[in-house]
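Comments concern the structure below.
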Amino acid sequence: MLIHLDGKLDCNGMSTFSRSYSVRRGSDIGAAIAEARHARGLTQAELASELGVARAYLAAMEAGRTNRLIEHLLRALRRLGAEVTVAWPTTNAERTDV
């Protein structure tokens with residue numbers, strides 16, 4: 001999995017960052033979900049509730065236990081030359097790697 005972090009200043013002079021993951025496997029999607037959830041300060045239980053799924057299901061997704069459909073979709077996209085990227089904006093306050 002390739003992790004990329006771009007930084008810039010917004011119109012108020014505040015640093016903003018864009019975090020992105022290059023996704024090659026279903027486990028990469030799980031890692032991106034976990035990272036985004038942590039960046040937003042949410043627990044698994046909170047996000048699971050917002051999504052309407054069980055916390056155990058969300059934990060399984062974050063751990064990379066995905067269904068075969070996702071793996072087949074990603075493999076087909078790679079075979080066709082596509083790159084799948086998951087990206088989201090962050091700010092200094094949300095960053096966990098500072």
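The values are calculated or read from the model by the stated rules, or taken from the named source; none is laboratory data. The structure displayed is predicted, hence computed values, not measured ones. Reconstructed Cβ throughout: ideal geometry from the backbone, glycine too, with neighbour counts over all protein chains shown.
Got a number for residues in the stretch 32-48 being charged (D, E, K, R) and over 15 Å from Gly64 (Cβ atoms)? Give the steps one after another, and end with the answer.
Of all residues in the stretch 32-48, those charged (D, E, K, R) come to 35, 37, 40, 46.
Cutting the leftovers down to over 15 Å from Gly64 (Cβ atoms) gives us 40, 46.
Number satisfying all stated conditions: 2.
Does Ser22 qualify as being among the polar types (S, T, N, Q), in a helix (DSSP H, G or I) and either without any contact (Cβ under 8 Å) to a residue 24 or more places away in the chain or in contact with a helix residue (DSSP H, G or I) (Cβ under 9 Å, 6 or more places away or on another chain) (or both)?
Working: among the polar types (S, T, N, Q): yes; in a helix (DSSP H, G or I): no; either without any contact (Cβ under 8 Å) to a residue 24 or more places away in the chain or in contact with a helix residue (DSSP H, G or I) (Cβ under 9 Å, 6 or more places away or on another chain) (or both): yes.
Spelling it out, it is not the case that Ser22 is among the polar types (S, T, N, Q), in a helix (DSSP H, G or I) and either without any contact (Cβ under 8 Å) to a residue 24 or more places away in the chain or in contact with a helix residue (DSSP H, G or I) (Cβ under 9 Å, 6 or more places away or on another chain) (or both).
Would it be correct to say that Ser18 is in contact with a Pro (Cβ under 6 Å, 6 or more places away or on another chain) and either modelled with pLDDT of 50 or more or of a type outside the set (Lys, Arg) (or both)? Give the derivation first.
Details: in contact with a Pro (Cβ under 6 Å, 6 or more places away or on another chain): yes; either modelled with pLDDT of 50 or more or of a type outside the set (Lys, Arg) (or both): yes.
The answer is yes for Ser18.
May I ask you to list the residues in the stretch 41-75 that are more than 17 Å from Ser22 (Cα to Cα), among the basic types (Lys, Arg) and modelled with pLDDT under 90?
Arg65, Arg68
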